[in-house]
Amino acid sequence: MEAGTLVEWRIKPGDAVTRGQVVAVVETQKGAIDVEIWDSGIVDRLVARPGAKIPVGEVLALLRGDGKTAAPPATTPSAIAPTAVTAPVPSAAQSAADRQKISPSARRLAQELGVDLATVQAQTADGVISRADIERAAATAKPAAVAPAAGDWRAQMRKAIAAAMARAKREIPHYYLATDIDVTPLLAWLAAENAKRSVVERLLPAVPLMKAVALALREVPELNGFWIDGAFRPSSAVHLGMAIAMRGGGLVAPAIHDADRKTCDELMAALRDLITRVRGGRLRSSEMADPTVTLTSLGEQGVAQVFGVIYPPQVAIVGLGRIRERPWVTAGTVAVRQVLTASLAADHRVSDGHRGALFLAALDRLLQAPETLAEKA
Amino acid sequence: MSAPDRQQLQAAIFDAIGAIAPEVDPADIRPDQPLRQQVDLDSFDFLNVIIRLHEILGIDIPESDYGELLTLDRAVDYLLRRCGGSTAGK
């Protein structure tokens, strides 16, 4: 991603802005993205004009710190690229540079690859930019080098997917596990729950499944985090990347933040909001940037199981197939049960099959007690 | 308001689908074939159709009745019953 087109401003000079606020909308290869600001302050001046094509890292606006009259050149670079994962809005070149922590080898690599450091954001809690962060920024920059005309974002998205998936298959030694889970109790609980709810409050089966996946990940932290610079960096938060198909092809996997700490109702609201914005082409830069693991659910299309390709630098992807009626043997008796095949593709550099199996076992255990899933936060 | 007729109910369904799948031409939908596959509606889309029908027609379709909405024809029959219309003209 090298450039985006500024669609509109959501702020004007004199406005007070807070970190995380959406300040502008930028058209990119993945559709329109809401650009969030990474500093708080007062908007001093809008530099970029709507309609203008803006290279990543370019100053979009000037901020001044809260209450100060002097205007340190805080800025809103063109952030954007969902894939540029990062690129959001540091402040002015200098102040950003002051704050940025970066390893010397990563800085050299950035120079070699022509990556603007102002557009790079560290993936880890310590905030140190690594070679992997630079590589990711460079990789995502490339597809866009081919003129991202507004109309062919779908082709651009295809290229972004191609780059990420080719890298995954090249670099990540995947291992794959799957198990069948009896979800009859889950569906019974869900049906009873939804019968009590009005149509707008209903939960989709995906919701308790997301919750169980997020909680099970807490038990096996080797599956949640990033592989960066030859080392695993676990994430204490579970930001669940939801693979969401676009109508007519393509997909994105933006994050539902802290999925393990959300109630089922909060997850449903978050999922609804996310799918609506994916299909309406309105994602936020941070959502594209920081999933710590991905969940893909192809059951809707009728397949019994799916083995995912890990999205680098993540280290695992969980796959859910279609829930279907199957003969199921318990205590010597065959019964018809609702069965879901859950799979895990994980990075063998970080975890082994034994740990992966524990994750699937935890998922199974959690799904047998759906009523406790609902409340757990 | 008098009970809606088949045509109005069909229009409501097209309206609900059109909000989700604007590329679909209602004329291409085969009324006796499964609706969701033809229009490529996932469970989220389908829930939105149910919500939209709730807004348009004021009826709450319980989950246990989702099977009644398998095809366009069956959905219209079902909605006709739910909206208190007569099926006599069928």
Could you compute how fast the range A:163-205 diffuses translationally, taking Rh as the Kirkwood radius over C-alpha pairs and applying Stokes-Einstein at 10 °C with viscosity 1.306 mPa s? Give it in µm² per second. 113 µm²/s
Over both sides of the B-A contact, add up the buried accessible area with a 1.4 Å probe and give it to the nearest 100 Å². 1500 Å²
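For residue A:351, what charge total do you get from the other residues with a beta carbon under 14 Å from its beta carbon, if Lys and Arg give +1 and Asp and Glu give -1?
-1
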Could you sort B:56-62, A:199-205, A:220-226 so that the peptide with the highest average Cβ count within 10 Å comes first and the rest follow in order? A:220-226, A:199-205, B:56-62
With a ≥ b ≥ c the root eigenvalues of the C-alpha gyration tensor of the range A:172-375, is it rounded (a/c under 1.5), prolate (a/b larger than b/c) or oblate? oblate
Environment charge of residue A:292, counting only residues whose C-beta is closer than 11 Å and scoring Lys/Arg +1, Asp/Glu -1: -2
Evaluate the charge dipole of the range A:172-375 about its Cα centre and quote only its size in Debye, nearest 20, assuming +1 on the Cβ of each Lys and Arg and -1 on the Cβ of each Asp and Glu. 520 debye
According to a simple spin-label model (label point 7 Å from Cα along Cα-to-Cβ), what is the distance in nm between residue A:232 and residue A:198? 4.7 nm
Give me a comma-separated list of calculated 3J(HN,Hα) values for the range A:191-197, in order, Karplus coefficients 6.51, -1.76, 1.60 applied at θ = phi - 60°, integers in Hz, x for any Gly or Pro. 4, 5, 5, 5, 5, 7, 9
For residue A:169, which aspartates and glutamates qualify as cross-link partners when the Cα separation must be under 15 Å and same-chain residues fewer than eight apart are set aside? A:347
Could you run the Karplus curve 6.51 cos²θ - 1.76 cosθ + 1.60 with θ = phi - 60° over the range B:45-60 and give me ³J(HN,Hα) per residue in whole Hz, x for Gly and Pro? 4, 5, 4, 5, 5, 4, 5, 5, 5, 4, 5, 6, 9, x, 10, 9
Need one value for A:266-275: mean number of C-beta atoms belonging to other chains within 10 Å of its residues' C-beta atoms. 1
Shielding of B:37-48 by other chains, given as the mean Cβ count within 10 Å, works out to 4
Roughly how crowded by other chains is peptide A:190-198, in terms of the mean Cβ count from those chains within 10 Å of each of its Cβ atoms? 2
Between residue B:63 and residue A:333, how many nm apart are label points set 7 Å from Cα along the C-beta direction? 2.5 nm
Ordering A:130-137, A:304-311, B:77-84 by per-residue average of other C-beta atoms within 10 angstrom, highest first, gives A:130-137, A:304-311, B:77-84
Please list B:5-11, A:257-263 highest first by mean number of surrounding beta-carbon atoms within 10 Å per residue. A:257-263, B:5-11
Interchain or long-range residues, amide H under 5 Å from residue A:47's placed H: A:61, A:62
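The values are calculated or read from the model by the stated rules, or taken from the named source; none is laboratory data. The structure presented is a predicted model; accordingly, all values stated were derived computationally and were not measured. Cβ sites come from the backbone with ideal geometry, for glycine too, and all protein chains shown count toward neighbours. To get the accessible areas, we keep the full protein, side chains included, count just its heavy atoms, and leave off ligands, DNA and RNA. Shrake-Rupley method; radii C 1.70, N 1.55, O 1.52, S 1.80 Å.
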